[in-house]
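Asker: Quick one: this structure, given as structure tokens, is what I'll be asking you about.
The values are calculated or read from the model by the stated rules, or taken from the named source; none is laboratory data. If you're wondering where the values come from, they're calculated on a predicted model, not measured in any experiment. Cβ coordinates were reconstructed from backbone atoms using ideal geometry, including for glycine residues, and neighbour counts include every protein chain displayed.
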Amino acid sequence: VTPADHVVRPASRFQRALREAAALAQESGAIVTFGIPPQSPHTGYGYIERGAERRHEGRLSANEVVRFREKPDQKTAAGYLEAGTFLWNSGVFVATGKTFMGELARSLPDHHSAIQRIVAAWGSPDQERVLREEYGKVEKISIDYGVMERAERVLVLEVDYEWSDVGSWAAIPPLHEADEEGNVALDAPVVTLDSRDCLVQGDGRLVTLIGLEGLVVVQTRDATLICPRERAEEVKQLVVRLEERGLDDYV
């Protein structure tokens, strides 16, 4: 299981880590996850607390997972960084089919039963109907909450590739070339005056900034978002508010 909105470089190191994780998962019967060495007390990522070292054939360091920690506040994140036993949670999980389905049956039995019914109908004339019906009935829950936090045994590999979670606007600027004042422009002509450290995402229309600092400006055909870069994570809360007001078409 791997997220679709992460940047990993170089790909060869990610591929090598996957091979090591697959071998370790097969050998140990555990779910193996990837941990990123934290570079800052980031409050937008989940954390993994690692315990005893697990010897294995691979090159990367492997440890037992003590627990998964949710996105912390600034003070807690700083404590994690100082402790030296925490890694960022990359959201990558590797396991054998037997191990994963066993954990699913234990932690989310309704999901497990739904998958069993989908598998039974696969390749038959009822495939699409059963898939649609069963998928629509199960509770929406992330793999982190539903499986990983309840799993009997999880190991973490400390990976050595460059990683960025571009699921938030604040994570995008380091991946692109900035102008001399630190502004990053994507898909739009941008002209600035006395403005710095801004991220501008447009749809081809001109965007101009005067006297602004540290903002995210996103312009689409029918909507505009403006927020401080350090509050970009709160966009998810804004989406909920839009949905509550019946403005789903703008999401």
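Asker: Name the residue that is modelled with the lowest pLDDT, counting only residues in the stretch 138-165 that are hydroxyl-bearing (Ser, Thr, Tyr) and surrounded by 13 or more Cβ atoms within 10 Å (Cβ to Cβ).
Answerer: Pass one, the stretch 138-165, residues hydroxyl-bearing (Ser, Thr, Tyr): 142, 145, 161, 164.
Still in the list and also surrounded by 13 or more Cβ atoms within 10 Å (Cβ to Cβ): 145, 161, 164.
Details: Tyr145: 90, Tyr161: 93, Ser164: 83.
Of everything passing the filter in the stretch 138-165, Ser164 is modelled with the lowest pLDDT.
Asker: Next up: Could you check Tyr80 against (1) part of a helix (DSSP H, G or I); (2) closer than 20 Å to Pro3 by Cβ and say which number it fails?
Answerer: It is condition (2) that Tyr80 fails.
Asker: Filter the stretch 16-56 for residues that are more than 30 Å from Ala232 (Cβ to Cβ) and hydroxyl-bearing (Ser, Thr, Tyr) and give the result.
Answerer: Ser28
Asker: Inspect all residues belonging to the stretch 166-186 and state whether any of them is buried (at least 18 other Cβ atoms within 10 Å of the Cβ), of a type in the set (A, V, I, L, M), in contact with a Lys or Arg (Cβ under 7 Å, 6 or more places away or on another chain) and modelled with pLDDT of 95 or more.
Answerer: No: the stretch 166-186 contains no residue that is buried (at least 18 other Cβ atoms within 10 Å of the Cβ), of a type in the set (A, V, I, L, M), in contact with a Lys or Arg (Cβ under 7 Å, 6 or more places away or on another chain) and modelled with pLDDT of 95 or more.
Asker: Out of all the residues in the stretch 218-230, is one or more of a type in the set (S, T, N, Q), surrounded by fewer than 12 Cβ atoms within 10 Å (Cβ to Cβ) and part of a strand (DSSP E or B)?
Answerer: If we filter the stretch 218-230 for residues that are of a type in the set (S, T, N, Q), which is where we start, we get 219-220, 224.
So of that shortlist, the ones also surrounded by fewer than 12 Cβ atoms within 10 Å (Cβ to Cβ) come out as 224.
The next check asks that each one be part of a strand (DSSP E or B); those that pass are 224.
For the stretch 218-230, residues of a type in the set (S, T, N, Q), surrounded by fewer than 12 Cβ atoms within 10 Å (Cβ to Cβ) and part of a strand (DSSP E or B): present.
Asker: Can I ask one more? Report whether or not Leu155 is in the same structural domain as Ala188 (by TED's automatic domain parsing) and either of a type in the set (Ser, Thr, Tyr) or within 24 Å of Gln15 (Cα to Cα) (or both).
Answerer: Details: in the same structural domain as Ala188 (by TED's automatic domain parsing): no; either of a type in the set (Ser, Thr, Tyr) or within 24 Å of Gln15 (Cα to Cα) (or both): yes.
No; evaluated as a whole, the condition is false for this residue.
Asker: Quick one: Arg59 ticks every box in (1) closer than 30 Å to Gln237 by Cβ; (2) not in a helix (DSSP H, G or I); (3) not aliphatic (A, V, I, L, M) bar one, so which box is it?
Answerer: Result: Arg59 fails condition (1) only.
Asker: Among Glu20, Glu57, Glu49, which is more than 18 Å from Ala83 (Cα to Cα) and crowded, with 16+ Cβ neighbours inside 10 Å?
Answerer: Details: Glu57 fails: crowded, with 16+ Cβ neighbours inside 10 Å; Glu49 fails: more than 18 Å from Ala83 (Cα to Cα).
One residue alone meets the criteria, Glu20.
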